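The values are calculated or read from the model by the stated rules, or taken from the named source; none is laboratory data. Quick caveat: nothing in here was measured; it's all calculated off a predicted structure. Neighbour counts are summed over all protein chains in view; Cβ atoms, including those assigned to glycine, are modelled from backbone coordinates with ideal geometry. These accessible areas exclude ligands, DNA and RNA; they are computed on the full protein's heavy atoms, side chains included. Shrake-Rupley method; radii C 1.70, N 1.55, O 1.52, S 1.80 Å.
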Amino acid sequence: MAGACCKCLVSLSAFKRSLSVAAPRGCGSTSPPRSLPPGWRLGERGLLEAARPSSALRHAGFYRQTSFFCLSCQESMSDSLRTCYLYLNQTSRSFAAVIQALDGELRHAVCIFYLVLRALDTVEDDMTIPLDKKVPMLNDFHTYLYQEEWCFTESQEKDRQVLEDFPTISLEFRNLAQEYRDVISDICHRMGVGMAEFLEKNVGSMKEWDQYCHYVAGLVGIGLSQLFSASQLEDPEVGKDTELANSMGLFLQKTNIIRDYLEDTQEGRAFWPQEAWSQFAGRLEDLAQSEKLEKALSCLNLLVTDALRHVPDVIAYLSRLRNQSVFNFCAIPQVMAIATLSTCYNNPMVFQGVVKIRKGQAVTLMMEATNMRAVQTIIMQYSQEILQKVSLNDPSRDKTLHILAVIREKSALSQSSLPSRTHHLSPMYLSAAMLLAALSWQYLSTTAAQAQGTGDMPGQ
């Protein structure tokens, strides 16, 4: 079973070359961290694997800016914190860039939050750990944050270095301010309990789908929102409104699950809710049969419609944000998600191969999603694209049309009531947006060269 951050957290190898690494602590390991094969989903494969190199981004100035950005972030870091950032870049893709663009101490808190949840997720994903050992580990994982030497050396997962060198991560966790530690420990505890619950439980009803997505992604949104408020970069209401924060996570997670149908079923994983697919097929994997294409598309459209119901909450959440770095961090994955849903809607390729948004499209979205008006325009654009694909015979047609109308109304109301953020953008933040695009081009250039030599194999 794929776990928490796996579908909504993301590795940018561009940073690796500028990070110096201390020897990992604990567990007797003295070798430097290893580079891992890329993996994971929407925020990861969908966010950056989807970008197309643009000649406009190749100017050498961007690479000088990249090096300056990375090095300046590390000037005052301890060796252990630098190691944590290396692990961030090894185990994440697109979020590695936006995390490191966050302001002040929030950057470190979110980095550690990510690594703690990645370690928890690695335990949950490791099918070689017997259940009688895994369940207690998941339930108790939050307590390991305060055990200086705790580590786990038996994992076979590709991200196992975050478990083998957990003492380095937990050390930096304990170095955080109390308000950050409280949030991270609480979310880790709740997520571990939820993961343990679903280890031997399939996603049956639509309500259980929401519950599973809450455990593995909604809690991430809630925790991040509480960190934003604890940093005082955002108002207290951002951290207190858990319903909106939960929707942010559910929208991303459901998009990942929908898009990754074929990969998941081929590897024996089932995340589409039985209540949905059982209306159209006897088994989930039967939807991939060519003779069942019409029913498969009906099931797909039903789930896309369900995911779209979170978009009004996404708009409301993003409208509250005031810090530019936090806004970029939150907005980019959301616009990527609605672009991905638009590509998936009524698309037979979901059952036949890999569904990706165009690479140039992804880079454009990353550069444009820097203010609320632009984000609302993007949401309206892809909502209209979905509307044009709605079939007269689709069983979910009425529900789809209704939620699209709600999204249009919410976007229009928000645009009329909120001042434009554009005039607040400083050259530094515009440069940051360009930097993200440059990093995506650099990453894609590297992975494209690797793909030519090894074949374009989708990551897990």
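Key figures
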item: Considering residues of region 162-178 that are open to solvent by less than 10 Å² (accessible area, probe 1.4 Å) and part of a helix (DSSP H, G or I) only, the residue farthest from residue 128 (Cα to Cα); result: 173
item: Test: residue in region 242-249 that is surrounded by fewer than 19 Cβ atoms within 10 Å (Cβ to Cβ) and over 14 Å from the mean Cα position of the chain (by Cα); result: yes
item: Top-ranked residue in region 179-211 [being more than 28 Å from residue 130 (Cβ to Cβ) and of a type in the set (Asp, Glu); ranked as surrounded by the most Cβ atoms within 10 Å (Cβ to Cβ)]; result: 210
item: Those residues of region 390-409 which are open to solvent by 50 Å² or more (accessible area, probe 1.4 Å) and in contact with a Ser or Thr (Cβ under 8 Å, 6 or more places away or on another chain), in sequence order; result: 395, 397, 399, 408
item: Any hit, region 383-403, residues being closer than 28 Å to residue 283 by Cα and within 18 Å of the chain's Cα centre (by Cα); result: no
item: Count of residues meeting criterion [out of contact with any helix residue (DSSP H, G or I) (no Cβ under 8 Å at 6 or more places or on another chain) and charged (D, E, K, R)] in region 136-193; result: 4
item: Residue list for region 227-241, restricted to those being open to solvent by 50 Å² or more (accessible area, probe 1.4 Å) and either of a type outside the set (Lys, Arg) or within 22 Å of residue 115 (Cα to Cα) (or both); result: 232, 233, 235, 236, 237
item: Residue ID - least open to solvent (accessible area, probe 1.4 Å), chosen from residues in region 150-160 that are closer than 30 Å to residue 76 by Cβ and at pLDDT below 95; result: 159
